[in-house]
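A.B. asks: Let me give you the structure first, and then I'll get to my questions.
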Amino acid sequence: MATVTRTRSIPTKAQAVWDVLADFSTISQWAEFVDHSSMQHSGPLDVGSTRRIQAGRLVVLERLIDLDPPTSLEYEIEGLPERISSVRNRWHLEPAGDTTTASITTTVTIGPRPPQQLAERVVGRVLASRSDAMLAGLATHLERTHV
């Protein structure tokens, strides 16, 4: 298993950051690489809630597996190549007055053998660049909408 964490300070109150993250279907409004996003069912956000993401030709489902408003949520990404056993993203918000530290921890599991462990690290680095892009997009979105 490989784990990579990315963090960014966002000059916005934690509740405003949480409100964007908890509006789970709207990631396409602030993550540049996401072309389309939608919920797979209606109703309140809860464990088991699933959104569909399209990024170019890649289509995945992101299913909430942990939810602790207003500080953290975790989802598992489904629909990646079969060799990847599991990918999870965990968002965590740490309020500090009018600023929020937002973190994304990505965990990749492929397998126990050395080549698989190497592949986990490589996939983790690629996904870390996506996490950096999501954090930047979130900060820009909040800057535009919470002036």
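A.B. asks: Among the residues of the range 112-135, write down those that are more than 12 Å from the chain's Cα centre (by Cα), of a type in the set (A, V, I, L, M) and open to solvent by less than 70 Å² (accessible area, probe 1.4 Å).
C.D. replies: Residues satisfying the conditions are Ala119, Val123.
A.B. asks: Still on this structure, I have one more. Do you know which residues across the range 87-128 are assigned to a loop (DSSP other than H, G, I, E, B) and over 30 Å from Gln15 (Cβ atoms)?
C.D. replies: Within the range 87-128, Ile110, Gly111, Pro112, Arg113 qualify.
A.B. asks: Does the range 92-101 contain any residue that is within 21 Å of Leu58 (Cα to Cα), under 18 Å from the mean Cα position of the chain (by Cα) and not polar (S, T, N, Q)? Show your work before the answer.
C.D. replies: Going through the range 92-101, the residues within 21 Å of Leu58 (Cα to Cα) turn out to be none.
No, there is no match, as no residue in the range 92-101 is within 21 Å of Leu58 (Cα to Cα), under 18 Å from the mean Cα position of the chain (by Cα) and not polar (S, T, N, Q).
A.B. asks: I need every pair where a residue in the range 27-38 that is among the aromatic types (Phe, Trp, Tyr) has its Cβ under 8 Å from the Cβ of a residue that is part of a loop (DSSP other than H, G, I, E, B), sequence separation at least 6 or different chains.
C.D. replies: Phe33/Gly56
A.B. asks: Being open to solvent by 60 Å² or more (accessible area, probe 1.4 Å), more than 21 Å from Ala133 (Cβ to Cβ), at pLDDT 95 or above and of a type outside the set (Val, Ile, Thr) is the requirement here; does Pro95 meet it?
C.D. replies: It is true that Pro95 is open to solvent by 60 Å² or more (accessible area, probe 1.4 Å), more than 21 Å from Ala133 (Cβ to Cβ), at pLDDT 95 or above and of a type outside the set (Val, Ile, Thr).
A.B. asks: Give the number of residues within the range 10-54 that are open to solvent by 20 Å² or more (accessible area, probe 1.4 Å), in contact with a helix residue (DSSP H, G or I) (Cβ under 7 Å, 6 or more places away or on another chain) and part of a strand (DSSP E or B).
C.D. replies: Within the range 10-54, residues that are open to solvent by 20 Å² or more (accessible area, probe 1.4 Å), in contact with a helix residue (DSSP H, G or I) (Cβ under 7 Å, 6 or more places away or on another chain) and part of a strand (DSSP E or B) number 3.
A.B. asks: Here's something else I'd like to know. Can you tell me which residues in the range 55-86 are in contact (Cβ under 8 Å) with a residue 24 or more places away in the chain, open to solvent by 40 Å² or more (accessible area, probe 1.4 Å) and under 30 Å from Thr12 (Cα atoms)?
C.D. replies: Asp66, Pro69, Pro70, Thr71
A.B. asks: May I pose another question? Residue under question is Val4, and the condition is that it be free of Cβ contacts under 8 Å to residues at least 60 places away in the same chain and not in a loop (DSSP other than H, G, I, E, B); does it hold?
C.D. replies: Answer is no for this residue.
The values are calculated or read from the model by the stated rules, or taken from the named source; none is laboratory data. The structure presented is a predicted model; accordingly, all values stated were derived computationally and were not measured. Every residue, glycine among them, receives a Cβ derived from its backbone with ideal geometry; neighbour counts consider all protein chains shown. Surface areas here come from the heavy atoms of the whole protein model, side chains and all, with no ligands, DNA or RNA. Shrake-Rupley method; radii C 1.70, N 1.55, O 1.52, S 1.80 Å.
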